[in-house]
1. If you take the beta carbon distance between A:LYS84 and A:ALA62 as r and set R0 to 25 Å, what does 1/(1 + (r/R0)^6) give as a FRET efficiency, to the nearest 0.05?
2. Calculate how steeply helix A:388-398 sits against the longest principal axis of the alpha-carbon atoms of chain A, using the helix alpha-carbon long axis, and give the answer as 0 to 90 degrees to the nearest 10.
3. Quick check: residue separation of A:GLU35 and A:ASP142 times 0.36 nm, minus the Cα distance between them. What number comes out in nm?
4. About the Cα centre, and with charges only on the beta carbon of Lys, Arg (+1) and Asp, Glu (-1), how big is the dipole of chain A? Nearest 20 debye, please.
5. Between A:GLN192 and A:SER405, what is 0.36 nm times their sequence separation minus the Cα-Cα distance? Round to one decimal in nm.
6. Suppose a student asked you for the relative contact order of chain A, using Cα pairs under 8 Å spaced at least 6 residues apart; what percent would you report?
7. Can you give me the C-alpha center-to-center distance between the range A:10-69 and the range A:337-407, rounded to a whole angstrom?
8. If you fit an axis through the alpha-carbon atoms of helix A:169-188 and take the longest principal axis of the Cα set of chain A, what angle between them do you get, 0 to 90°, nearest 10?
Amino acid sequence: MIDLAALRTEPDRFRAAFAARGESVEVAGLLAADEQVRALKHRAETLRAEVNAASKAIGQAARQGGSAVEEAKAKARALGDEAKRVDEERDAAERALHERLLVLPNPCLAEVPVGKDATGNRVVAEWGAKPAFGFAPKAHWDLGPALGIMDFDRAAKVAGSGFVCLRGNGARLSRALISWFLDVHTAEHGYQEWQVPYLVHPQCMVGTGQLPKFHDQFYACKADDLVLIPTAEVPVTNLHTGEILEAETLPLKYTAHTPCFRREAGAAGIGTRGMTRVHQFDKVEVVWFTRPETSAADLLTLRGHAEVLLQRLGLHYRVLELCTGDTGFASAHTYDLEVWSPGTNSWLEVSSCSIFTDFQARRANLRFREKGGKPQFLHTLNGSALALPRCLIALLEQHQQADGSVSVPAPLRPYLGGLERITGNAAVTG
RNA sequence: GGAAAGGUGGCAGAGCGGUUGAAUGCGUCGGUUUCGAAAACCGAUAUGCCCGCAAGGGUAUCGGGGGUUCGAAUCCCCCCCUUUCCGCCA
């Protein structure tokens, strides 16, 4: 959520920021509504002060056995009714304004390139090179089933389209990636590992920015008023809701592996073959709660934590800096990591690293305090490190061999009992 | 799911219709004392919003929401959470 006080003092900055995102926002209307709310608030509080003073006087008079008590009560009652009426008016106006604020996106940082859509994104780094094959590389939807490690048909049987089963060494490889990611983050990058709920209160989704605007993008359990998380970002970012953290504890760096559930409404048909876009996938996420002064630099550090994983897996990838028109609703600056998929001849997003400035902190009420200072909103950052299915796709496709087998990158071998190569497993291909 | 007991400031824990934003203790911070420290003593110590240059003032908040009342942490209703017991169960 944006800072209303800031909107008041520099409306033009916000106008420009919204325009850069391609959003038309009626700033003047917002300011007028804000003005109205403030006026109502002032009136309501003034009236309430009068009621409180009258009540206090009645209490004193009653104790002294005054005679005018009944008369004073009637007067106070009338005053109280008026105060209540104005307060209800104030409440309605305040709610309406709040709803309008909740659908406003976060202004992007000044250095973010201005652009209309994905075509305005810039490639800012590229690592490795496209692997050269002496044969026609296969796509994972051929490779996986042939190796008996991926099963789309049976997933469809139990859950419909948009799901995948991993099997045997496929399942084990996925588990190895998760464990290795978490181990690197906790042992080398200073993160603390969490296991968190996969079902959360809708309010958490407001905190991170998915609600109220993107309500059709995730699964909801209406009977229990809970939603399935679309990313670990949601439960992890909301962990410290309502708390005031001591400044010296920052940055808090958390990592969590969770499944992620996404309806992908409206995405049917585009790039949905195989497991590039599925309704359920695993992901290791990293989240920072940090100070405003360091957050911009922290984003690069966080991005590095995701990149090093791809490097050690020997996977060719590139880094995209998203332009204003393609940056997500809550983010102020985003880098996407895209890994090369030779089988589909395309780049696949395996990580999105973002700084949210104080946007989520305002929504989720995340604050910190310097010693002796006032509480202030902290900054949140997060990134995938990394998303499993697309890592798996790139790994299989980039490391595939002429005979259809796949070589296992060295860091993962200890997690696979020393396995160096995945070959067809006759025992489970039935 | 059933029964019971609870949810009060950073923590512990009083308060159960009238200057109670809330006793007391602990913790924390500042001061006195000390060569220094401990102890002791003195003082300070919630958050949001509004008005104000400030000092300060106002308002709201005692799990959440509604109600009764001139006035609610205190009374009533609904919901949530915690603990214990029973049931069920990985």
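1. Numbers: r = 23 Å, r/R0 = 0.91.
About 0.65, to the nearest 0.05.
2. 20 degrees
3. Numbers: separation 107, 0.36 × 107 = 38.52 nm, distance 6.15 nm.
My answer for the length gained is 32.4 nm.
4. On the way: 48 positive and 51 negative charges, 93 e Å.
Charge dipole, chain A, about its Cα centre: 440 debye, nearest 20.
5. The span from A:GLN192 to A:SER405 would gain 73.1 nm if fully extended.
6. Values: 783 pairs, mean separation 85.7, N = 430.
With pairs under 8 Å counted, the relative contact order is 20 percent.
7. Value for the Cα centre distance between the two parts: 42 Å.
8. It is inclined by approximately 60 degrees.
The values are calculated or read from the model by the stated rules, or taken from the named source; none is laboratory data. Computed from a predicted structure; not experimentally measured. Neighbour counts run over all protein chains shown; Cβ positions are idealised from the backbone, glycine included. Keep in mind that these areas ignore ligands, DNA and RNA; they rest on the heavy atoms of the full protein, side chains included. Shrake-Rupley method; radii C 1.70, N 1.55, O 1.52, S 1.80 Å.
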